[in-house]
Amino acid sequence: MKSRKLTTIGCVALAGLLCTFLAASPVLADIITFDLTTGNTALGGATACGGVPCPPDYASVKVDRTSSTTADITFTGLTQGVFTYTLGDGSTVALNVNATTFTVGTVTEQAPGDFKQTNIGSQQVDGWGLFNFTVDNNDGFNASTHSVSFTLTDVSGTWADAESVLVANSGGSRAAAHIYAAGDDCDGACVTGFAAGTGDNNLPPTQVPEPATMMLLGSGLLMAAAGGRFLFKK
C-alpha cells in the first residue's frame, strides 16, 4: 500500500515537472522561407549583367508567424557568383498580405538603407502585378540595403500558419523587390530591375500587364470593332 502511494506521488511530481518544463519552453516557431526566383527583362534578359542574365535567386523572404495575428517579415538580398543583390528605390520590397485590414510596424534596414515610407493599398510593381503593401526607399543604389524587416499585424482576422500570411496575386506572386545587381566590373550597380516569387521555388511567377496597358488594349479592341462595323455597313 505504501509503495503504491509513493508511486502515485512520484507520478504527480513528474507530471508537475513536465508541465513546468513545457511552460518554460519557448513555443516552436512557425516559419517559411522562399526566394524571389524570377527577374524581369532588366535582370533576367540575355545580356542584363555584363552580357549574361543576372543569375537567380535574387532575394529571400522569411515569414515568421509569431502569433495568430502577427508575423515578422524579412527580405534579404542574396549573392550569386560575382553578383551581390541589394534592395532599394521605389517598391524596395512588396508583399500581397492575406488580410482585409492590417498594420505595419517600424521598418528596419541594414545600413546604408534609407527607408522613406510604407504604402498600404493596391500598388503595381513593374510587370509582377498588384500588391497590397510596398516599402519605398529615398534614393537609388546608394541607399539600397541587404536586408529589410518589419512586423505585420492582421486586425481583421487571424492567420492559421505562416503559409497563410501571404496570398498570391493574379500572376501567382506573393512577394517582389526592386533589385540592384552589383558586380566586380561595375562602378556601383551593373543593372537594376524587379524580381518576384510565388512562395513555391519550383514555380515561377507570371508577368501581369499593367492597368494602363490593359486600358490601351481595350481601347484598341473597341476601335477595331467600331471600324469593322463601319466597313460592314458600307
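The values are calculated or read from the model by the stated rules, or taken from the named source; none is laboratory data. Remember, it's a predicted structure, so these values are computed and weren't measured experimentally. Neighbour counts are summed over all protein chains in view; Cβ atoms, including those assigned to glycine, are modelled from backbone coordinates with ideal geometry.
The table below gives the values:
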| read-out | value |
| --- | --- |
| Residue check for residue 158: at pLDDT 95 or above, of a type in the set (Val, Ile, Thr) and part of a loop (DSSP other than H, G, I, E, B) | yes |
| The lone exception for residue 149 - which of (1) under 30 Å from residue 52 (Cβ atoms); (2) within 15 Å of the chain's Cα centre (by Cα); (3) part of a strand (DSSP E or B); (4) not β-branched (Val, Ile, Thr) it fails | (1) |
| Single residue of the stretch 162-188 satisfying the filter (in a loop (DSSP other than H, G, I, E, B) and of a type in the set (A, V, I, L, M, F, W, C)) that is surrounded by the most Cβ atoms within 10 Å (Cβ to Cβ) | 165 |
| Of all residues making up the stretch 81-111, the number that are surrounded by 14 or more Cβ atoms within 10 Å (Cβ to Cβ) and part of a loop (DSSP other than H, G, I, E, B) | 12 |
| Unique match (being under 29 Å from residue 77 (Cα atoms), of a type in the set (Val, Ile, Thr) and modelled with pLDDT under 95) among 12, 52, 61 | 52 |
| Candidates 92, 118, 101, filtered to the one that is closer than 22 Å to residue 57 by Cα and of a type outside the set (A, V, I, L, M) | 92 |
| Pairs, first farther than 21 Å from residue 61 by Cα in the stretch 128-142, second part of a strand (DSSP E or B) and of a type outside the set (Phe, Trp, Tyr), C-beta under 6 Å, six or more apart | 138/116 |
